[in-house]
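The values are calculated or read from the model by the stated rules, or taken from the named source; none is laboratory data. The structure presented is a predicted model; accordingly, all values stated were derived computationally and were not measured. Virtual Cβ from ideal backbone geometry, glycine too; neighbours counted across all protein chains shown. Remember, those area values only see protein heavy atoms, side chains included, never the ligands or the DNA or RNA. Shrake-Rupley method; radii C 1.70, N 1.55, O 1.52, S 1.80 Å.
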Amino acid sequence: GPLSPAMSLRVTTVPEAEVATILHSFAFSYNALVIPPRGESEFSTECDLNAQHLISFVRPLDFGVHYVLPHYHSLGTFLSLEVVGGPRDGAVIWETNSMIGEPLGGAPEPAFDLTGATGIRLTCRFSNPGDATVGWGNADGEMCIAFGYSDSPNLWSNTASVNTVTGTTGGVTTNTSPCVVLTATPADRPAVERPTSLSR
């Protein structure tokens, strides 16, 4: 029968004097999804953050990742964000194989320090039981995005818009795309240096 659920949202702010680390958002995505029918597929892109970091701050990549929120739709089966380059090359920042409707995001403990790395690798997997190829989009489309927060003074995003099928591994069609990194300075960014600790 008819339901009348009640919902509420309460936001509690933190006094400015108690803020230990200022965070800014990032969103890395694989826009060129071409998910074939009746099978499994994987899409991966590597993003060179260090080059843009050197331009913005005249120093190598050195910020930390404090929170990651994967986003895909009902065909999504896996998302990972990994380190590229440096002593921790290949280390997993965050990954999930939860299905849509289950918790996907969380905070690395401790915050993941990217110092010494050159960038990140975003990977998504999908299982498409249907008869039609699925691309990027709402409704019947799919998405592959890792939202999150870092202690970088800048906002970060990317485009991965040229898909190339690279082969088949274990029955999974593998794909890749070049990654174009975008970064911007928030209009309200305070004039502070990177914190000495990665505490939230």
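Sorting MET99, MET7 by solvent-accessible area of protein heavy atoms yields MET7, MET99, largest first, with a 1.4 Å probe. Under a 5 Å amide H cut-off, with hydrogens placed 1.01 Å from N, HIS73 pairs with MET143 among residues at least 5 apart or on other chains. Rolling a 1.4 Å probe over the protein heavy atoms leaves HIS71 with an accessible area of roughly 60 Å². Per-residue ellipticity at 222 nm from helix content only, as computed over the chain with -39500 (n - 2.57) for each DSSP H run of at least four residues, stands at -1500 deg cm²/dmol. Using the Kirkwood radius over C-alpha pairs as Rh, can you work out the diffusion coefficient of the stretch 3-98 via Stokes-Einstein at 10 °C, viscosity 1.306 mPa s, in µm² per second? So the translational diffusion coefficient is about 91 µm²/s. Backbone amide hydrogens, once placed in the peptide plane, bring PHE78 within less than 5 Å of ARG125, excluding anything fewer than 5 places away on its chain. Across the stretch 114-126, rounded Karplus estimates of 3J(HN,Hα) from the backbone phi angles (6.51 cos²θ - 1.76 cosθ + 1.60, θ = phi - 60°) give 8, 3, x, 7, 9, x, 10, 10, 9, 10, 10, 10, 9 Hz, Gly and Pro being marked x. Taking each residue as 0.36 nm, the span from PHE57 to LEU182 lengthens on full extension beyond its C-alpha to C-alpha distance by 43.6 nm. Per-residue Karplus couplings for the stretch 44-55, computed as 6.51 cos²θ - 1.76 cosθ + 1.60 with θ equal to phi - 60°, are listed in order as 9, 9, 10, 10, 7, 7, 4, 4, 5, 5, 4, 5 Hz, Gly and Pro entered as x.
Across the stretch 87-99, rounded Karplus estimates of 3J(HN,Hα) from the backbone phi angles (6.51 cos²θ - 1.76 cosθ + 1.60, θ = phi - 60°) give x, 10, 3, x, 5, 8, 6, 7, 8, 8, 10, 5, 8 Hz, Gly and Pro being marked x. Secondary structure note: in the chain, about 85% of the DSSP beta bridges are antiparallel.
Within the stretch 54-78, find all residues whose amide N lies under 20 Å from a label point positioned 7 Å from the Cα of ALA107 along Cα-to-beta-carbon. The answer is 63-71, whose backbone nitrogens lie closer than 20 Å to the label point.
Note on ASP140 and SER8: with the Förster distance fixed at 30 Å, the Cβ-Cβ geometry gives a FRET efficiency of about 0.40.
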